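Before any comments, here is the structure.
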Amino acid sequence: MVKKFLFISLLFSNLILATSKEEIANKIQEILSSLPANTISGILIYDPLMQDTIFALNEYRPMTPASLTKLFTTSISLNIMGGEHKLSTRLYSDDINFNDGTLNGNLYIKGFGNSVFSDLELQELVDDLVQKGIKSISGNIIGDDSYFDDIYTREDWIEDEGANIHLPPISALVLDRNKITIRKKIRRRYRYLSEVVKDPPIFAANRLNEKLQSVGIQVKGKVSKGVTPQKVYLLSEKTVLLKNLISLISKHSDNFLAECLFKTLGAESSGLQGNSIFSQQAIQRFLKENNIYSKGTEIVDGSGISRSDQATPLAINGVLEKMYFDLIHYDDFYNALSIAGVDGTLRGRMIGTKAENNFRGKTGTLNGVSGLAGYLMTPDGNDLIITIIFEFNKGGWGYYRDIQDQIVVLLANWDSGSSD
């Protein structure tokens, strides 16, 4: 009799949940009914703990992920390197004995994917040399970006996209995002313009040389670029933690930082010089090793500004699910995501709703593409993984973002344990 009662109770509770899921699915369909007829929608709403699909539409369809691509770049970088991994810019020398005030040999500045290295930090490195008592350098100042290949740009990056700007060179040695500010006369007026540097290692080495001279350190050699020898001495370095870097990438959808991290991923996963091929291989290997649906998913860059990037909603969901159950890296990944109504690219969205300060996610935007993916907690404490991509040729991004927000807010108000 007790077993019969328990069976009826379980059946009844499942019936309530099924009814609730059906109603929420109908409400989502009602929201989607306002989309233009030729809109392509890819949606997957999933409960990772219950392994339950709440709603799915074209989840197996390869689509343009835009900046949702950064979810692959950041999550897989965390898995390979860990959040405490330091990306560095270092000064090396051929000499370690400065008792006579002279650095005998060359001074090398080498980058290891530290894409936020600044002119101020370069000055701090120079100040370290002063503290060591160095007054002259007998050799050359050499810039080294051999940690990556020297392919600084890609032909498939989209130049006419309204969603992005032309990227500076993607290099292992970066100074001030590989940009300079110049004063230029335009129509009888001087204006300050930002220009990208053409040769990152020479740019950094030149700037280092200027700062050395300004503090009274005499450089007898010349400025050049090259590869740091194996037998050298580390003099000083500046670093950024990977977990802090991915926060800048994810919250603000920073394309330049994402592309630099993409090549770092290739270098660290292969143990060789970082390039896009090694990075692509690392991503595909991660998907397969974690049994994430990979058919139709091809990630060719780190930021998502290439139209060659393709991903299914199921693959994006799979990456988010893998990170959800990753006890080591989840906090770093989750905390890096933009918070609805609070910061990053979601700062102005879902304000005044139950999704505000609740939904954590990543946005994606290209011409004719709008994406949103992330995590949401429902009123009854259930976590949901949400992936929504729209490909369209009518209307603007704002319209499709509103549709995404309506779906997320609907779910933020959904008590999956009740029928209303």
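Within region 25-78, take every residue that is of a type in the set (F, W, Y) and in contact (Cβ under 8 Å) with a residue 40 or more places away in the chain and give me the one that is surrounded by the most Cβ atoms within 10 Å (Cβ to Cβ). Here the residue is F72. Do we find that D415 is in a loop (DSSP other than H, G, I, E, B) and either more than 23 Å from S303 (Cβ to Cβ) or open to solvent by 30 Å² or more (accessible area, probe 1.4 Å) (or both) in this structure? Considered against the rule, which asks whether it is in a loop (DSSP other than H, G, I, E, B) and either more than 23 Å from S303 (Cβ to Cβ) or open to solvent by 30 Å² or more (accessible area, probe 1.4 Å) (or both), D415 comes out as yes. Put simply, of T363, T345 the only residue that is among the β-branched types (V, I, T), part of a helix (DSSP H, G or I), open to solvent by 10 Å² or more (accessible area, probe 1.4 Å) and farther than 27 Å from I277 by Cβ is T345. Here is a check on your reading of the model: is E237 within 28 Å of the chain's Cα centre (by Cα), farther than 30 Å from M63 by Cα and among the charged types (D, E, K, R)? Here the answer is yes, as E237 does meet what is asked.
Going residue by residue through region 233-244, is there one that turns out to be touching a helix residue (DSSP H, G or I) at 6+ places or on another chain (Cβ under 7 Å) and acidic (D, E)? Looking through region 233-244, none of the residues is touching a helix residue (DSSP H, G or I) at 6+ places or on another chain (Cβ under 7 Å) and acidic (D, E). Scanning region 159-182 for residues that are surrounded by fewer than 15 Cβ atoms within 10 Å (Cβ to Cβ) and farther than 22 Å from N209 by Cα, we see that the one that is modelled with the highest pLDDT is H166.
Under the condition of being open to solvent by less than 90 Å² (accessible area, probe 1.4 Å) and either under 20 Å from A172 (Cβ atoms) or in a strand (DSSP E or B) (or both), the residues counted in region 211-234 number 9.
Residues checked against (1) of a type in the set (S, T, N, Q); (2) on the phi > 0 side of the Ramachandran plot; (3) within 24 Å of the chain's Cα centre (by Cα); (4) open to solvent by 10 Å² or more (accessible area, probe 1.4 Å):
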{"residue": "G368", "(1), (2), (3), (4)": "no, yes, yes, yes"}
{"residue": "L372", "(1), (2), (3), (4)": "no, no, yes, no"}
{"residue": "G381", "(1), (2), (3), (4)": "no, yes, no, yes"}
{"residue": "E391", "(1), (2), (3), (4)": "no, no, yes, yes"}
{"residue": "Q404", "(1), (2), (3), (4)": "yes, no, yes, no"}
{"residue": "V409", "(1), (2), (3), (4)": "no, no, no, yes"}
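The values are calculated or read from the model by the stated rules, or taken from the named source; none is laboratory data. Given the structure is predicted, the values throughout are model-derived calculations rather than measurements. All Cβ positions, even for glycine, are placed from backbone atoms using ideal geometry, and neighbour counts span all protein chains on display. Keep in mind that these areas ignore ligands, DNA and RNA; they rest on the heavy atoms of the full protein, side chains included. Shrake-Rupley method; radii C 1.70, N 1.55, O 1.52, S 1.80 Å.
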